[in-house]
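The values are calculated or read from the model by the stated rules, or taken from the named source; none is laboratory data. Owing to the predicted nature of the structure, the values given are computational and were not obtained by experimental measurement. Here Cβ is always computed from backbone atoms with ideal geometry, including for glycine, and neighbour counts include all displayed protein chains.
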Amino acid sequence: MEKIKQNAFVKKVGFNRIVLVALMLLLYLLFGVLTGGEFFGVSRLLNTLNYVYFLGFLALGVTFVIATGGIDFSIGPVMFCCALVSGYCLTTHGVPMVAALILSVVIGLAFGIWNGYLVAFWNVPPFIVSMASMNIAKGIAAVFTKTQSVSWPQSSAADGWYRNIISCNGFPVGLVIFLAVAIICAVVLNKTKIGRYILCLGSNEEAVRLSGVNTKKWKMLAYVICGVLVGIGSIFFVAAYTTVQPGYGDQYNNEAIACCVMGGTSMVGGLASISGTVIGTFIISLLQQGILALGFSKDYQFIITGLIVIAAVYSDVSARRRKN
């Protein structure tokens, strides 16, 4: 095994990424065989991609937060809050589609600023902040929509053009946008001062602070980036599924975090991989579709996702112990 890890190609690509890609392909083939080839169909592939889009944006966003050593359990409910409030303004108050889409991102940004400010400047533990924001997001969405579900326009409607961000004439536009945003996130995290400080905060925040860096600003920025990406994720969610109900979204928190830790992002901060998060998103989405294709309920995915998180965190802790 060590000889394989020392191979020039493996070192360049990353052993963890190769294993994840192999696991993703194995799952795809396994589900295809178990469903008698049904899983290889175009409709199942499109359903998987629809799930990838919104979950991927949540996972990309929370990667920045976890890289600082923080956590955000509010991303799912905030995504639903963005979709519900902006959708209600669109369908009930006649707000133009473009304004509604922008409003979705603005709401996500507002939650990002709120979470980041409380964590960075008030020193409130991230766990407490995110749990509070989760309830606040659910409450705002329920009060604003009077606990009613919101249905965004269908493709055939006059404002249905927004669904073209998912697919346009059969071309997976959503996949191109998602991968483009992932590349931008990778550049920000690995090639810019923003990413360098965010990762350093996760490694040793006190050392960074003593070196004269404004740690509060950079920590807050990680949550702001997360909020914006969650807002964008809400747009992709409604473009794929149209109807949104108040009180939901919690299940996507663990799934997004699982994408991150599976992809190599350390839960204690200081180490993150955008490419790993992307591959992890595809794996979780394949699991979701595969379980449904086999006739099981989504509850089984919750069990598997929980086990994945435990296994990934244990692997990370073990690797750090060996390194130390």
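Observations
- Of the criteria (1) among the aliphatic types (A, V, I, L, M); (2) farther than 25 Å from residue 113 by Cα; (3) surrounded by fewer than 19 Cβ atoms within 10 Å (Cβ to Cβ), which one residue 166 fails: (3)
- Of all the residues in region 268-281, those that are crowded, with 24+ Cβ neighbours inside 10 Å and either in contact with a Pro (Cβ under 9 Å, 6 or more places away or on another chain) or part of a helix (DSSP H, G or I) (or both) number 5.
- Listed conditions (1) surrounded by 23 or more Cβ atoms within 10 Å (Cβ to Cβ); (2) under 18 Å from the mean Cα position of the chain (by Cα); (3) more than 30 Å from residue 100 (Cβ to Cβ) are all met by residue 255, apart from (3).
- Scanning region 227-248 for residues that are modelled with pLDDT of 90 or more and not hydrophobic (A, V, I, L, M, F, W, C) turns up 227, 231, 233, 234, 241, 243, 245, 246.
- Every condition in (1) of a type in the set (Val, Ile, Thr); (2) within 18 Å of the chain's Cα centre (by Cα); (3) assigned to a helix (DSSP H, G or I) holds for residue 265 except the one numbered (3).
- Looking only at residues of region 145-159 that are part of a loop (DSSP other than H, G, I, E, B) and under 24 Å from the mean Cα position of the chain (by Cα), we find that the one that is surrounded by the fewest Cβ atoms within 10 Å (Cβ to Cβ) is 149.
- Unique residue being under 21 Å from the mean Cα position of the chain (by Cα) and in contact (Cβ under 8 Å) with a residue 24 or more places away in the chain when the list is 88, 53: 53
- From the list 244, 238, 309, 230, the one residue that fits, being closer than 19 Å to residue 76 by Cα and under 13 Å from the mean Cα position of the chain (by Cα), is 230.
- Taken together, the criteria place residue 98 among residues that are at pLDDT 95 or above, closer than 21 Å to residue 235 by Cβ and loosely packed, with under 14 Cβ neighbours inside 10 Å.
- Boolean, residue 315 is under 26 Å from residue 180 (Cβ atoms), in contact with a helix residue (DSSP H, G or I) (Cβ under 9 Å, 6 or more places away or on another chain) and either surrounded by fewer than 21 Cβ atoms within 10 Å (Cβ to Cβ) or polar (S, T, N, Q) (or both): no
- When residues in region 160-188 are screened for being in a loop (DSSP other than H, G, I, E, B) and free of Cβ contacts under 8 Å to residues at least 60 places away in the same chain, 2 of them pass.
- Remark: pairs (first residue in region 286-314, within 17 Å of residue 20 (Cα to Cα) and touching a residue at least 60 places away in the same chain (Cβ under 8 Å); second residue surrounded by 13 or more Cβ atoms within 10 Å (Cβ to Cβ) and of a type in the set (Val, Ile, Thr); Cβ separation under 7 Å; 6+ apart in sequence or on different chains) = 286/48; 287/304.
- Scanning region 52-79 for residues that are closer than 24 Å to residue 287 by Cβ and surrounded by fewer than 24 Cβ atoms within 10 Å (Cβ to Cβ) turns up 71, 73.
- Wholly enclosed helices (runs of 4 or more DSSP H) of region 2-41 bearing at least 1 residues modelled with pLDDT of 90 or more and within 15 Å of residue 288 (Cα to Cα): 15-34
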